[in-house]
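Here the structure is laid out as structure tokens; the discussion comes afterwards.
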Amino acid sequence: MSTNNMEFGIFLAPFHRAGENPTAALRRDLDLISYLDGLGYDEVWVGEHHSGGWELIGSPEMFLAAAGERTQRIRLGTGVVSLPYHQPFMVADRIVLLDHLTRGRAMLGVGPGALPGDARFLGIEPTTQRERMDEALGVILRLLRGEVVDYQCDWFELHEARLQLRSVQRPMMPVAVASTVTPTGMVAAGKHGTGVLSVASYTEAGIAAAKTQWAFCERSAAEAGQPAPDRSTWRLVVPFHLAATREEAITDIEVGVHRWYNEYLIHTLGASQLPPMESGRALAEGMNAFGGAIIGTPDEAIVAIKKLQQITGGFGCLLGLAHEWTTREKIEHSYELMARYVMPEFQGSIASTRGSLEWTLANKQSLMAGRDAALAKAIQQHGAPMPADGAG
């Protein structure tokens, strides 16, 4: 696939260390989305969580409606709605409303649910979550297409159900399924003809899985009679932090990434297969080495993204895993560096300016000769001395 049409955004879980003012944290998240909108980022995905103390947004649709009022063009997605927690009709109804409130910028991301505490609160057996997600997604897509749905299963019923509003985007808004290390998300995406959110790409297992997972999506689509999946709908979630030098970038985030990895990823999320790290610097350097993070300069980011393209075979959107590993000022500067120097390399937006510069330099001698001749003629006509610097 072409490298000149890649899109960029963020995946905002969000991550706020327990013990901070939650109201202030949520306002920072809204401010960040507004800032990214101004920088030209394409999309943001916001998560749904109900336990653990770090991820504070229980209703991404409500949060995104507020973000929609502060922004102009950035697309706003649920990253993700945990389908086993909801009656599918209500999920479809809410996302259509969000599409109207944002004038056609809503995206629906879905998953089975990640935090063990959320499922415990709702009395959901964890081994049923992936199957319920798949079942609910099929029903939601039918509703979004405008179908009248009758459906009964062991956890919800619909009787002549239809949405009274259709989405602003036709035939429907973008839909994506979360994928981690197992093939489940890719299989569901292929079966239902949706995009993919690879949300574990910051782990070594996630990067390893990314090498082969698209094949599961293609095979599932073929078995379900769906069109071949389009890699442009594949979104890869990778944390990044950019600065003037790699040393500065690592120094900026080494305390924050260490705290996030040990306190959240291992102890809160329950990734017990990961060993605790004693050093944030070693963690940052290790993630850089296997491709699970981009921590360095804009030039190094360009190289890292091209490597991810080679590893995966091509994807359509890079989503930075939003974090608060350092100060707000340094985080915003990192996003600005990505927008100014990295994104244009993958969006074809600087080829013409570079081409114009190269043409000018290649023809400098003849161009300057023509300019000097014009200046000399003007001076001769008016009897004025030639400027010392040749300017006229």
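The values are calculated or read from the model by the stated rules, or taken from the named source; none is laboratory data. Model, not experiment: these values are computed from the prediction. All Cβ positions, glycine included, derive from the backbone under ideal geometry; neighbour counts span all protein chains shown.
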Hey, does region 271-280 have a residue that's modelled with pLDDT of 95 or more and either among the β-branched types (Val, Ile, Thr) or crowded, with 17+ Cβ neighbours inside 10 Å (or both)? yes
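A quick yes/no check of all residues on (1) among the aliphatic types (A, V, I, L, M); (2) touching a residue at least 24 places away in the same chain (Cβ under 8 Å):
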residue: MET287; (1), (2): yes, yes
residue: PHE290; (1), (2): no, yes
residue: GLY296; (1), (2): no, yes
residue: ILE305; (1), (2): yes, yes
residue: GLY355; (1), (2): no, no
residue: ASP372; (1), (2): no, no
Considering only region 322-337, state which residues are in a loop (DSSP other than H, G, I, E, B), among the β-branched types (Val, Ile, Thr) and buried (at least 17 other Cβ atoms within 10 Å of the Cβ). THR326
Scan region 244-282 residue by residue and report those that are of a type in the set (Phe, Trp, Tyr) and free of Cβ contacts under 8 Å to residues at least 24 places away in the same chain. TYR261
Within region 113-139, can you find the residues that are in contact with a strand residue (DSSP E or B) (Cβ under 8 Å, 6 or more places away or on another chain) and either without any contact (Cβ under 8 Å) to a residue 40 or more places away in the chain or not assigned by TED's automatic domain parsing to the domain that holds GLY195 (or both)? GLY113
What is the one condition in (1) in contact with a Ser or Thr (Cβ under 8 Å, 6 or more places away or on another chain); (2) surrounded by 23 or more Cβ atoms within 10 Å (Cβ to Cβ); (3) more than 28 Å from HIS267 (Cβ to Cβ) that ALA92 does not satisfy? (1)
Return yes when GLY292 is part of a strand (DSSP E or B), touching a strand residue (DSSP E or B) at 6+ places or on another chain (Cβ under 9 Å) and among the small types (Gly, Ala, Ser) and no when it is not. no
Would you mention how many residues in region 196-224 are outside any helix (DSSP H, G or I) and either acidic (Asp, Glu) or within 17 Å of VAL238 (Cα to Cα) (or both)? 9
Filter region 225-256 down to the residues that are among the hydrophobic types (A, V, I, L, M, F, W, C) and in a strand (DSSP E or B), then identify the one that is farthest from CYS317 (Cα to Cα). LEU242
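Conditions tested, residue by residue: (1) farther than 30 Å from TYR41 by Cα; (2) in a loop (DSSP other than H, G, I, E, B); (3) modelled with pLDDT of 85 or more; (4) hydrophobic (A, V, I, L, M, F, W, C).
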site: TYR341; (1), (2), (3), (4): no, no, yes, no
site: SER349; (1), (2), (3), (4): no, yes, yes, no
site: GLU358; (1), (2), (3), (4): no, no, yes, no
site: ALA369; (1), (2), (3), (4): yes, no, yes, yes
site: ALA376; (1), (2), (3), (4): yes, no, yes, yes
site: ILE379; (1), (2), (3), (4): yes, no, yes, yes
site: MET386; (1), (2), (3), (4): yes, yes, no, yes
site: ALA391; (1), (2), (3), (4): yes, yes, no, yes
In region 28-71, the residues that are without any contact (Cβ under 8 Å) to a residue 40 or more places away in the chain, surrounded by fewer than 17 Cβ atoms within 10 Å (Cβ to Cβ) and not aliphatic (A, V, I, L, M): ASP31, SER34, GLY38, GLY58, SER59, GLU69
